[in-house]
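Take a look at the structure below.
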């Protein structure tokens with residue numbers, strides 16, 4: 001054997017001894033997150049599909065209204081009061097299932113009715129509101145709920161004062177279950 005290399009051998013040696021330059025991402029030591037993201041997306045899709053399948057079997061408890069014909073059956077139910085007190089910039093409006101209460105809280109009124117107008121045009125009359133709901137309570141002694149709503153321009157402390165005015169009159173409990181409603185604008 002002589003010391004001569006064939007063309008094929010020289011090509012192989014050149015290929016093996018060539019200096020390779022690394023990719024910048026390989027030099028910085030950064031991780032390739034694309035395979036990780038593929039796995040996360042697959043897991044999310046699996047969880048969504050599982051949740052959708054379980055939602056089909058979930059039970060929702062609902063109390064549906066009952067309908068009946070005629071006079072027979074359970075007898076007539078008493079209508080609910082649905083008492084609502086609205087605090088506006090002009091005063092207090094007291095409404096129920098029968099309509100808006102007129103000033104004095106004895107009769108109902110129509111149109112733009114302010115049940116308890118502002119005192120001297122500037123302050124709310126909370127004592128008059130308490131007297132008004134007290135009159136309502138004498139006609140509806142079993143009712144305990146009232147809904148309070150307010151104009152968004154009314155200060156929050158007036159809403160709290162209205163809640164206090166309808167809950168009780170001295171030691172007498174009027175409407176202790178107070179619920180808040182959205183504004184009236």
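Percent antiparallel among DSSP beta bridges with both residues in region 84-180, to the nearest 5? Expressed as a percentage, antiparallel bridges in region 84-180 total about 60.
The distance between label points at residue 157 and residue 138 comes to 3.3 nm (points 7 Å beyond Cα on the Cα→Cβ vector). Listed from fewest to most Cβ neighbours within 10 Å, the set 38, 151 follows the order 38, 151.
Label-to-label distance, residue 112 versus residue 46, with points set 7 angstrom from Cα along the beta-carbon direction: 6.5 nm. Rounded, prolate or oblate: which one fits region 86-174, using the alpha carbon gyration tensor with axes a ≥ b ≥ c (rounded when a/c is under 1.5, else prolate when a/b beats b/c, else oblate)? It is oblate, given that a/c is not under 1.5 and a/b is not larger than b/c. Applying 1/(1 + (r/R0)^6) with R0 = 41 Å to the Cβ-Cβ distance of residue 120 and residue 177, what FRET efficiency is obtained, to the nearest 0.05? Efficiency at R0 = 41 Å is approximately 0.80.
The numbers here are math on the coordinates, done by the rules we state, and not lab data. This is a predicted model, so every value here is computed, not measured. Positions of Cβ are backbone-derived with ideal geometry, glycine not excepted, and every protein chain shown enters the neighbour counts.
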